[in-house]
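Let me begin by presenting the structure, written as structure tokens, before commenting on it.
The values are calculated or read from the model by the stated rules, or taken from the named source; none is laboratory data. It should be emphasised that the depicted structure is a prediction, and the values quoted were computed from it without experimental measurement. Using ideal geometry, Cβ is built from the backbone for each residue, glycine included, and neighbour counts are taken over all protein chains shown. In case anyone asks, the SASA skips ligands and DNA or RNA and just uses the protein heavy atoms, side chains included. Shrake-Rupley method; radii C 1.70, N 1.55, O 1.52, S 1.80 Å.
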Amino acid sequence: MNQKKNLLPIGFKDILANDANIQFEYGKKLLKNFDLWGYSFIEPPIIEYEKTLSDTKNKLLNNKTLSFIDPLTKEKVSLRPDITTQLARIAEDRLFGLPKPLRLCYFGDVFRADKPKLSSDRQFKQAGVEIIGSKNLLADLEIINLSLDSLKKINFKKISLDINAPIILEKIFDDFKISSTKRISLRKLVAKKNIKEIYNFDIKLFNTLKEIIDSSGLLKKNIKKIQKIKLGSNAKKVLKDFMTICSSLLKKNYNKYKISIDLLDHRGFEYYTGITFSIFCLNSSKEVCRGGRYLTSKNKDAVGSTFLLNQFLSLKNVSKNSKKKILISYNDSFNKKLPDLRKKGWICIQNIESDNDKKIAKLHNCKFIFKNNKLYPVK
């Protein structure tokens, strides 16, 4: 009789050596670049009390939280669904005495109770950066520039950037004095870019939304269209910030990146309060990084970005582990040269069974065999 397999819960999986190494190496490189930009690394616990992880600004995320009763305290605790909320808590409760704005970064696992839209995983690694305590648009630009620079530093190619301002839709509704109940159906129509039904409701609102939708696409080709759109006082402020960001990106000679705009795209940005962005790489259909401006649960201004490391593994041409391996012959276990070889970056695998060196070397994909103080190529 076959032994019954131990199955993992839906959305959880073992990440084996190659993929685990890739994620870990990318995480290290990202953190190294964050440090060069002046961001302090913070490592919060993966479990907190449910009430401290809940975010009134992001009710959708609260519904995705895995919670259970702590057998020790009998209180309800949760696995973190996001690390951004934790950094905001730490900034407000532990780092309040430090100069503002705070620049913080993180790297770790997050957990979801539901199936995320971006993947089938319910546990995945995130890395990210946050600026907490600044209203200045230079903070938004810094986060965007840092995100692009970080991906470039880890050798991602064909990087494209999408800039959005989903909050502008609510501001347009404010200017048109749309009721809260009517906004629900209007949001759904705008999300599907199906605004024909809005024509009969309000022609002026229809024309405004149509102008914005028609201006979506490559930034260079559409920036003049955006400038000509006439908006009410509330939406005009958002558009002004949006134009400041876009104009700055154009002035920075960003020809190496494909930059697109879609003011109304709000998928996954429901709780953001300003400019948002998504970054794609290597012709990927899913974001590898996303972020934007938001308010913390205590109404502190913040802007950040999150790198979705599980998406890195699904992209084509992601570099695999190319480190060269050496098999150490059975009688050379304590050779004095081994520390130097490892220091130079060689992976040294010891033959501990005294079997045929060549056979074991091939099994482990070793390019060389170290024997009697010499390296011999495996043929």
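For the reader, a short list of remarks on this structure follows.
- Pick from segment 6-28, criterion charged (D, E, K, R) and under 18 Å from the mean Cα position of the chain (by Cα), ranking: most open to solvent (accessible area, probe 1.4 Å): LYS28
- Test result for SER284, at pLDDT below 95, open to solvent by less than 40 Å² (accessible area, probe 1.4 Å) and either assigned to a helix (DSSP H, G or I) or of a type in the set (Val, Ile, Thr) (or both): no
- The residues of segment 250-270 that are touching a strand residue (DSSP E or B) at 6+ places or on another chain (Cβ under 6 Å) and not in a strand (DSSP E or B), listed by number, are TYR257, ASP262, ASP265, PHE269.
- Scan of segment 145-174 for residues that are charged (D, E, K, R) and surrounded by 16 or more Cβ atoms within 10 Å (Cβ to Cβ), ordered by number: ASP162, GLU170, LYS171
- So PHE269, is it modelled with pLDDT of 95 or more and open to solvent by less than 40 Å² (accessible area, probe 1.4 Å): no
- Residue count for segment 339-364 satisfying the condition of being assigned to a helix (DSSP H, G or I) and more than 15 Å from TYR376 (Cα to Cα): 5.
- Being within 30 Å of CYS105 (Cα to Cα) and in contact (Cβ under 8 Å) with a residue 60 or more places away in the chain is a condition met by at least one residue of segment 168-178.
- Residues located in segment 157-200, provided they are among the basic types (Lys, Arg), out of contact with any strand residue (DSSP E or B) (no Cβ under 9 Å at 6 or more places or on another chain) and either over 23 Å from ILE245 (Cβ atoms) or assigned to a loop (DSSP other than H, G, I, E, B) (or both): LYS157, LYS177, LYS182, ARG183, ARG187, LYS188, LYS192, LYS193, LYS196
- Considering residues of segment 143-152 that are in contact (Cβ under 8 Å) with a residue 60 or more places away in the chain and not aliphatic (A, V, I, L, M) only, the residue nearest to MET243 (Cα to Cα): ASN145
- Scan segment 29-40 for residues that are closer than 18 Å to ILE90 by Cα and either among the hydrophobic types (A, V, I, L, M, F, W, C) or surrounded by 15 or more Cβ atoms within 10 Å (Cβ to Cβ) (or both) and the total you get is 1.
- Subset tally (residues that are modelled with pLDDT of 80 or more and under 13 Å from SER314 (Cβ atoms)) for segment 115-124: 2
- Segment 184-242: number of residues that are among the small types (Gly, Ala, Ser) and either surrounded by fewer than 18 Cβ atoms within 10 Å (Cβ to Cβ) or farther than 18 Å from ASN164 by Cβ (or both): 5
- The residues of segment 41-81 that are farther than 20 Å from ASP121 by Cβ, open to solvent by less than 80 Å² (accessible area, probe 1.4 Å), at pLDDT below 90 and in contact with a Ser or Thr (Cβ under 8 Å, 6 or more places away or on another chain), listed by number, are GLU50, SER54, ASP55, LYS57.
- Search result, residues across segment 312-331 that are of a type outside the set (S, T, N, Q), open to solvent by less than 20 Å² (accessible area, probe 1.4 Å) and at pLDDT 90 or above: ILE326, LEU327, ILE328
- Scanning segment 243-265 for residues that are open to solvent by 40 Å² or more (accessible area, probe 1.4 Å) and out of contact with any Ser or Thr (no Cβ under 8 Å at 6 or more places or on another chain) yields THR244, LEU250, LYS251, LYS252, ASN253, ASN255, LYS256.
- Of all the residues in segment 340-356, those that are at pLDDT below 90 and open to solvent by less than 50 Å² (accessible area, probe 1.4 Å) number 1.
- Selection over segment 96-114 of residues that are in a loop (DSSP other than H, G, I, E, B), open to solvent by less than 60 Å² (accessible area, probe 1.4 Å) and either at pLDDT below 90 or among the acidic types (Asp, Glu) (or both) gives a count of 3.
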